[in-house]
Structures are given as C-alpha cells and as structure tokens.
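The following block contains the structure, expressed as structure tokens.
The values are calculated or read from the model by the stated rules, or taken from the named source; none is laboratory data. Since the model is a prediction, treat every value here as computed from it, not as a measurement. With ideal geometry, Cβ positions are generated from the backbone for all residues, glycine too; neighbour counts draw on all protein chains shown.
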C-alpha cells in the first residue's frame with residue numbers, strides 16, 4: 001500500500017515497529033502505527049501530535065523510514081495547510097525542534113552543534129559535582145544519556161536533555177520531600193535557576209550559548225518496602241545493589257557516575273528490549289505505582305503548564321490591557337494601604353493600580369505571567385513588585401503570609417477562585433488570615449459564580465479560557481472565609497465580565513476582612529445585593 | 001419491545017430464579033466495590049499528607065531557631081533567604 005501524508009496525519013501500513021518522520025532532512029517525530037493510530041481503509045491513520053500542528057502549514061519534503069533508514073515508506077514533497085512557505089518545526093530563535101518521548105517539543109541532540117553539546121555535558125558534570133559537594137547527594141546519570149552511553153557510546157540522536165538521579169536513604173515520602181527541599185535550597189544558593197516539578201524532582205535550567213535553555217532533571221529514586229521507585233513515574237523491582245556503589249561511564253570525552261549495573265537499570269526503565277533502538281518508545285508504568293507517586297509527591301502545579309501555555313500563547317492578546325471594571329470598583333476603597341494582586345495573570349489590574357499611584361505587588365504561580373508583568377512594568381516605567389506564590393504549596397503561602405503580616409496590604413483577586421482546587425482555596429483563606437488580621441486590609445474577590453436563577457451555572461462548570469476557570473458557589477466561599485475567622489462585609493451577585501471582559505450573567509463580588517482576635521468582632525451586618 | 005426493555009426483563013427473571021443467599025452475596029460484592037472505591041480515595045488523601053508534613057518540617061527547621069532567638073535582624077535575613085530559596 002502507499003503511505004499518504006495529509007493534514008489529518010499519516011496513513012501507513014499496520015505495523016508494531018517504530019518509524020521516523022523527517023521534514024526536509026530534520027527529524028521531527030517517531031511513531032508506532034499499531035499503538036498510535038486508528039484503523040482506516042487502506043491502513044492505519046496516525047494523527048499528527050497536537051504540538052506539531054501549529055507548524056504544519058506550508059510545503060516540505062517528508063520522509064518516513066524505519067529506524068535503520070533502510071526501509072523508506074514515503075519520501076516526497078507535500079503541501080500541508082494553507083501555507084505556501086517551507087515547513088519548519090523551529091523555536092523563536094530558528095532552532096530545529098522534535099517531539100520527545102513524553103510528547104513535548106524539544107531540541108534533539110542531533111540538531112545541536114558540537115560546541116553546545118559540550119556545554120550540555122559540562123553543565124551536567126557541574127550539576128553532579130554541586131549535588132555531591134553542596135547538596136549532600138550522590139547522583140548518577142540515567143535515562144536517555146545512560147542508554148546512549150551504554151548502547152551506542154554517545155548521546156542518542158533524538159534525545160534532548162540529560163537526567164540525573166540520586167538514590168535516597170529515606171523510605172518515608174515525607175522525608176524524601178524534605179530532602180528534595182534541602183537540595184533545591186543548596187542548588188539555588190550556588191546560583192542555579194531551577195523549577196520544582198514535584199516533591200521529588202527539580203529541573204536545573206542551564207543557559208546555553210545558542211540562546212536555548214537546557215533542562216537537567218534531578219530525580220529522586222527510593223525504596224518503600226520491596227518496591228523501587230524512580231521518578232518520573234517508574235516503579236517495580238530493582239535492588240539497591242544494582243545501583244550502588246556506582247560505576248563510571250564515558251560520554252563524548254566526559255566521565256559520569258552510573259548505576260553499578262547499568263544494564264539492570266536500563267532493563268528496569270525500558271524493558272527487556274532496551275538494546276533495540278525505538279525512538280517512539282513510551283513508558284508503560286504500573287498504575288498503582290503512578291497512583292502512589294501522585295498522592296505522595298504531586299498536586300500543587302497540576303495546571304501550571306496549561307496556564308503558562310495560555311500566557312505565552314496567542315489567546316493572551318484577547319485579554320484587555322486596560323483596567324477591569326472590578327479594579328475600578330475596588331480602587332476608591334484602597335486608601336493608603338498598598339495592594340497585592342493575587343493570581344495576577346497578565347497583570348492588567350496590578351499595572352493599573354500602580355499607575356494610579358498605589359504601591360502594588362503582583363503574585364502568580366506562573367513564571368511566564370510574572371515575567372510578562374515585570375516586562376510591562378519596566379516598559380511603562382511603573383513599580384510593581386512581582387513574585388511567585390504557589391497556593392497549594394504551604395511553604396510558599398506561609399512565607400508570603402509572614403511577610404505580609406508585617407507589611408500590611410489589601411489583597412485583590414479577580415478570577416482567581418475559579419482556578420483553585422480545595423487545597424489551594426484553603427491556603428488562600430490562610431494567607432488572608434495571616435496577612436489581614438494584623439494590618440486591617442481587606443480581601444477583594446471577583447469570580448464567575450453559581451446562580452440558581454441563571455441556567456448552566458452549577459459549581460465546577462468550566463468557563464473560558466478552555467476550562468481553566470470553573471464556576472464557584474458564593475455560599476461555599478462565604479463559608480470558607482467565615483471558617484477561617486473572616487467577615488464578609490459586602491457580597492453582590494450580578495451580571496459582570498469574564499477575564500476577557502465578555503459578559504457573564506452570574507459574577508460575584510466580595511469584600512471581606514479578618515478582624516484581629518483581640519478586637520471585638522464587628523456587629524455590622526453584611527451588605528448583600530443581587 | 002426495545003432492547004433495553006428485553007434486557008431489563010431478562011435480568012429480573014434471572015434474579016427471581018436465584019436463591020436468596022446468592023442475591024445477597026451479589027449485593028454484598030457491589031457494596032464491597034463501593035467501599036473499596038471510597039477506601040482508595042481516603043488512602044490517596046492520606047498520601048497527600050506526606051507533602052504537608054514535609055512542608056511544615058521544612059518551615060520549622062529553617063525558621064524556628066532564629067525566631068526563638070528573637071534577633072529581629074537575623075529573623076529578617078532568614079525569612080528573606082527562605083523565600084528566595086523556595
């Protein structure tokens with residue numbers, strides 16, 4: 001049969017082997033038809049991955065081969081989408097990208113110049129040394145870099161980063177997380193910029209001379225009972241004696257520590273056929289192990305990536321840059337106290353408060369959002385102190401609450417409540433209590449609400465953008481505030497606007513305060529309107 | 001008669017023919033499945049406490065000693081460094 005490339009995907013013969021897809025000689029993706037496709041008349045249709053679709057408009061030579069390159073299924077020029085220019089999967093700097101094994105776009109090693117490859121390996125070596133000397137953990141090279149070193153004596157062509165792991169002595173997840181916190185503190189003190197991905201793994205961000213940032217993952221590995229857990233999501237059976245004491249491997253002229261029995265580790269990670277190249281390999285992790293790791297280590301950044309995608313994507317331009325009607329309603333009530341915009345997003349209201357002469361802070365869990373606010377503030381000559389707050393990570397909430405207790409602010413949150421899960425919402429009330437009790441500021445909230453007189457407004461109903469915001473029940477919000485010692489001074493439920501300023505029939509506004517425990521509670525009744 | 005109605009009628013006839021203890025055992029299994037589902041949710045909630053314990057431990061071990069010393073300059077410095085190190 002003929003292999004057909006179209007806007008829908010690639011129609012090719014049924015097979016359980018992997019194939020490689022190149023555009024104009026550059027590797028972009030690998031697929032296994034039986035696993036990734038759906039049966040159609042004439043073969044199996046494998047749809048294009050969502051991350052590639054934005055790039056698939058134009059003309060280019062698409063070559064599809066088996067992993068040896070000997071069997072060629074397709075090698076011809078193809079036009080996709082409405083574009084007339086060349087097809088190219090590239091980042092903003094023009095660097096070639098490909099789909100990695102977890103479905104993200106990344107720059108593969110084969111498309112990285114030799115000098116930059118050396119920078120990655122030197123940076124990885126420095127990370128290992130810093131982890132040992134300053135963070136007190138002995139880490140080893142693992143995953144793709146280990147596989148490349150053992151199987152091929154070099155980095156895998158389609159790999160995009162390096163992964164380090166350390167074997168924790170702890171067996172209690174709480175101790176393992178606390179150890180990971182100490183490691184990130186030590187690495188930050190050395191100047192490493194890093195992201196926390198879960199309670200057991202961080203990403204070290206290594207800037208490269210070509211403008212790209214290489215991610216060096218630092219994963220914990222540990223035993224609980226007889227089960228070995230290795231982050232990402234691996235779990236199963238591998239004794240400590242297969243890992244320690246370490247062996248040494250060489251990669252492009254650099255020596256790295258490796259598990260004592262690298263073959264046993266590779267079989268644990270990639271299964272018994274690890275010696276056969278398969279760029280389209282996907283992990284098949286035991287679901288009970290994933291469930292345990294999710295429960296122990298994760299849950300505080302589930303939607304962070306989606307928000308970062310939104311704030312860096314084209315739809316963010318649909319958010320007005322001018323002040324929201326809610327900000328204009330709040331502003332005359334601020335008086336002399338500074339205001340902190342919680343979940344600032346694009347920063348439109350924080351920037352406007354600053355322009356009105358208020359000392360203004362802005363916090364968000366998305367670093368993309370904060371970067372945008374800082375850039376806009378600098379560009380407009382405004383002072384907005386922007387910092388990260390991860391509601392759901394108690395340390396983050398407690399440390400900001402402590403600071404605000406001695407530096408009184410009003411708290412302002414527009415369309416934040418609908419983004420929070422129950423745990424994060426509880427921490428918002430904790431933050432408000434810590435921040436507002438000593439200083440006397442107010443909490444101003446606006447959110448798309450439940451209204452029994454408006455159809456389709458049940459609690460949890462997804463609203464724009466793309467379900468990242470959900471409707472919230474004002475009664476539940478009020479109960480949460482009162483449970484944490486706050487008093488709702490004013491509550492209204494009326495037509496208003498969503499975050500794009502599109503009309504919404506059920507929008508709730510709340511003003512609440514947290515009186516100091518020694519002061520008599522206010523007897524003034526809540527002003528309630530609808 | 002629709003397929004759904006036929007299926008419901010056959011099920012009910014089959015149930016009527018089963019002896020009482022067997023029906024009870026089947027009902028018990030359904031309830032056991034529900035109980036396992038609830039238990040799994042509760043176990044997951046308990047797993048989540050690990051992160052809470054680790055966070056509280058981290059805050060206490062990093063911040064409590066300078067706070068106890070009542071050295072305000074040291075407290076300010078430690079708080080600021082703690083927040084930057086998160």
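Just checking, how many residues over the stretch A:108-143 are in contact with a strand residue (DSSP E or B) (Cβ under 7 Å, 6 or more places away or on another chain), under 26 Å from residue A:55 (Cβ atoms) and at pLDDT 80 or above?
Qualifying residue count for the region: 1.
Let me ask you something else. Please indicate, with yes or no, whether at least one residue in the stretch A:494-512 is under 18 Å from residue A:421 (Cβ atoms) and in contact with a strand residue (DSSP E or B) (Cβ under 9 Å, 6 or more places away or on another chain). Explain how you work it out, then say what you get.
Initially, the stretch A:494-512 is screened for residues under 18 Å from residue A:421 (Cβ atoms), giving none.
Checked against the condition, which is being under 18 Å from residue A:421 (Cβ atoms) and in contact with a strand residue (DSSP E or B) (Cβ under 9 Å, 6 or more places away or on another chain), the stretch A:494-512 yields no hits at all.
Another one. Suppose we filter the stretch B:64-84 for residues that are within 11 Å of chain A (Cβ to nearest Cβ) and modelled with pLDDT under 75; how many remain?
Looking only at the stretch B:64-84, we keep the residues that are within 11 Å of chain A (Cβ to nearest Cβ), and these are B:67, B:72, B:75-76, B:78-84.
Narrowing further to those that are modelled with pLDDT under 75: B:67.
Final tally of qualifying residues: 1.
OK, next. Tell me, which residue of the stretch B:15-28 that is assigned to a helix (DSSP H, G or I) and surrounded by 10 or more Cβ atoms within 10 Å (Cβ to Cβ) is nearest to the other protein chains (Cβ to nearest Cβ)? If you could, list the steps in order and put the result at the bottom.
Just the residues of the stretch B:15-28 that are assigned to a helix (DSSP H, G or I), to begin with: B:15-17, B:20-28.
Filter again for surrounded by 10 or more Cβ atoms within 10 Å (Cβ to Cβ), leaving B:15, B:22-28.
Working: B:15: 33, B:22: 32, B:23: 32, B:24: 31, B:25: 27, B:26: 27, B:27: 28, B:28: 25 Å.
Ranking the candidates gives B:28 first.
State whether the residues of the stretch B:51-60 include one that is at pLDDT below 85 and assigned to a helix (DSSP H, G or I). Break it down stepwise before answering.
The first filter runs over the stretch B:51-60 and keeps only residues at pLDDT below 85, leaving B:60.
Pick out the ones that are also assigned to a helix (DSSP H, G or I) and you get B:60.
Yes: one or more hits.
Which residues, taken from the stretch A:163-217, are facing chain B (nearest Cβ under 10 Å) and part of a strand (DSSP E or B)?
Within the stretch A:163-217, A:196, A:198 qualify.
Something else about it: I'd like to know if the stretch A:304-312 contains one or more residues that are more than 14 Å from chain B (Cβ to nearest Cβ), over 29 Å from residue A:432 (Cα atoms), over 22 Å from the mean Cα position of the chain (by Cα) and surrounded by fewer than 17 Cβ atoms within 10 Å (Cβ to Cβ).
The answer is no; no qualifying residue exists.
Name the one entry in A:228, A:222 that is within 14 Å of another protein chain (Cβ to nearest Cβ), under 25 Å from residue A:297 (Cβ atoms), surrounded by 21 or more Cβ atoms within 10 Å (Cβ to Cβ) and more than 19 Å from the chain's Cα centre (by Cα).
Numbers: A:228 fails: within 14 Å of another protein chain (Cβ to nearest Cβ).
Every option except A:222 fails the conditions.
Got at least one residue in the stretch A:240-250 being touching a helix residue (DSSP H, G or I) at 6+ places or on another chain (Cβ under 8 Å), surrounded by 13 or more Cβ atoms within 10 Å (Cβ to Cβ), in contact (Cβ under 8 Å) with a residue 40 or more places away in the chain and closer than 30 Å to residue A:92 by Cβ?
Taking the stretch A:240-250 as the starting set, the residues that turn out to be touching a helix residue (DSSP H, G or I) at 6+ places or on another chain (Cβ under 8 Å) are A:242-243, A:247, A:249-250.
Remaining after also requiring surrounded by 13 or more Cβ atoms within 10 Å (Cβ to Cβ): A:242-243, A:247, A:249.
Adding the requirement that they be in contact (Cβ under 8 Å) with a residue 40 or more places away in the chain leaves A:243, A:249.
Retained after the next criterion (residues that are closer than 30 Å to residue A:92 by Cβ): none.
No: the stretch A:240-250 contains no residue that is touching a helix residue (DSSP H, G or I) at 6+ places or on another chain (Cβ under 8 Å), surrounded by 13 or more Cβ atoms within 10 Å (Cβ to Cβ), in contact (Cβ under 8 Å) with a residue 40 or more places away in the chain and closer than 30 Å to residue A:92 by Cβ.
While we're here: Look at the stretch A:21-39 and say how many of its residues are touching a residue at least 12 places away in the same chain (Cβ under 8 Å) and touching a strand residue (DSSP E or B) at 6+ places or on another chain (Cβ under 6 Å). Walk me through how you get there before you give the answer.
Taking the stretch A:21-39 as the starting set, the residues that turn out to be touching a residue at least 12 places away in the same chain (Cβ under 8 Å) are A:21-37, A:39.
Of the ones still in play, those that are also touching a strand residue (DSSP E or B) at 6+ places or on another chain (Cβ under 6 Å) are A:21-24, A:26-31, A:33, A:36-37.
Counting residues in the stretch A:21-39 that are touching a residue at least 12 places away in the same chain (Cβ under 8 Å) and touching a strand residue (DSSP E or B) at 6+ places or on another chain (Cβ under 6 Å) gives 13.
Another question about this same structure. When the stretch A:272-298 is examined, which residues are found to be away from chain B (no Cβ under 14 Å) and either more than 28 Å from residue A:117 (Cα to Cα) or outside any loop (DSSP other than H, G, I, E, B) (or both)?
Those that are away from chain B (no Cβ under 14 Å) and either more than 28 Å from residue A:117 (Cα to Cα) or outside any loop (DSSP other than H, G, I, E, B) (or both): A:272, A:284, A:285, A:286.
Right, something else. Do the conditions hold for residue A:236, that is, is it over 25 Å from residue B:53 (Cβ atoms), touching a helix residue (DSSP H, G or I) at 6+ places or on another chain (Cβ under 7 Å), assigned by TED's automatic domain parsing to the domain that holds residue A:135 and at pLDDT 95 or above? Outline the logic, then answer.
Working: over 25 Å from residue B:53 (Cβ atoms): yes; touching a helix residue (DSSP H, G or I) at 6+ places or on another chain (Cβ under 7 Å): yes; assigned by TED's automatic domain parsing to the domain that holds residue A:135: yes; at pLDDT 95 or above: yes.
So residue A:236 passes the test.
Could you pull out the residue among A:127, A:157 that is in contact (Cβ under 8 Å) with a residue 24 or more places away in the chain, farther than 17 Å from residue A:231 by Cα and either part of a strand (DSSP E or B) or touching a helix residue (DSSP H, G or I) at 6+ places or on another chain (Cβ under 6 Å) (or both)? Give the steps one after another, and end with the answer.
Numbers: A:127 fails: either part of a strand (DSSP E or B) or touching a helix residue (DSSP H, G or I) at 6+ places or on another chain (Cβ under 6 Å) (or both).
Matching residue, one of A:127, A:157: A:157.
Please tell me if residue A:432 is in contact with a strand residue (DSSP E or B) (Cβ under 6 Å, 6 or more places away or on another chain) and either farther than 26 Å from residue A:303 by Cβ or crowded, with 16+ Cβ neighbours inside 10 Å (or both). Break it down into steps so the answer makes sense when it comes.
Details: in contact with a strand residue (DSSP E or B) (Cβ under 6 Å, 6 or more places away or on another chain): yes; either farther than 26 Å from residue A:303 by Cβ or crowded, with 16+ Cβ neighbours inside 10 Å (or both): yes.
For residue A:432, the condition - in contact with a strand residue (DSSP E or B) (Cβ under 6 Å, 6 or more places away or on another chain) and either farther than 26 Å from residue A:303 by Cβ or crowded, with 16+ Cβ neighbours inside 10 Å (or both) - is met.
Do we have residue A:339 as surrounded by 18 or more Cβ atoms within 10 Å (Cβ to Cβ) and assigned by TED's automatic domain parsing to the domain that holds residue A:490 here? Give the steps one after another, and end with the answer.
Working: surrounded by 18 or more Cβ atoms within 10 Å (Cβ to Cβ): yes; assigned by TED's automatic domain parsing to the domain that holds residue A:490: yes.
Here the answer is yes, as residue A:339 does meet what is asked.
Next question. Check whether at least one residue in the stretch A:268-275 is over 16 Å from residue A:293 (Cα atoms), exposed (fewer than 15 other Cβ atoms within 10 Å of the Cβ) and in contact with a helix residue (DSSP H, G or I) (Cβ under 8 Å, 6 or more places away or on another chain), and report yes or no.
yes
Just give me the residues in the stretch A:398-420 being over 18 Å from residue A:347 (Cβ atoms) and at pLDDT 95 or above, in sequence order. Quick ask: steps written out before the conclusion?
Residues of the stretch A:398-420 that are over 18 Å from residue A:347 (Cβ atoms), as a first pass: A:398-399, A:401-408, A:417-418, A:420.
Across the stretch A:398-420, the qualifying residues are A:417, A:418, A:420.
Return the total of residues in the stretch A:463-490 being more than 27 Å from the chain's Cα centre (by Cα) and assigned to a strand (DSSP E or B).
4
Being within 14 Å of chain B (Cβ to nearest Cβ) and more than 28 Å from residue A:306 (Cβ to Cβ) is the requirement here; does residue A:386 meet it?
Numbers: within 14 Å of chain B (Cβ to nearest Cβ): yes; more than 28 Å from residue A:306 (Cβ to Cβ): no.
Answer is no for this residue.
Within the stretch A:473-491, can one find any residue that is within 21 Å of residue A:315 (Cα to Cα), in contact (Cβ under 8 Å) with a residue 24 or more places away in the chain and exposed (fewer than 15 other Cβ atoms within 10 Å of the Cβ)? Break it down stepwise before answering.
Within the stretch A:473-491, the subset within 21 Å of residue A:315 (Cα to Cα) is none.
The answer is no; no qualifying residue exists.
Right, another one. Restricting to the stretch A:299-324, give me the number of residues that are out of contact with any helix residue (DSSP H, G or I) (no Cβ under 8 Å at 6 or more places or on another chain) and either assigned to a helix (DSSP H, G or I) or farther than 28 Å from residue A:388 by Cα (or both). Working first, answer last.
Narrowing the stretch A:299-324 to residues out of contact with any helix residue (DSSP H, G or I) (no Cβ under 8 Å at 6 or more places or on another chain): A:301-302, A:304-306, A:309, A:313-315, A:317-318.
From the residues that got through so far, the ones that are either assigned to a helix (DSSP H, G or I) or farther than 28 Å from residue A:388 by Cα (or both) too are A:304-306, A:309, A:314-315, A:317-318.
Total satisfying the criteria: 8.
Okay, next question. Just the residues that are over 18 Å from residue A:13 (Cβ atoms), buried (at least 16 other Cβ atoms within 10 Å of the Cβ) and over 30 Å from the mean Cα position of the chain (by Cα), please, taken from the stretch A:24-57.
A:24
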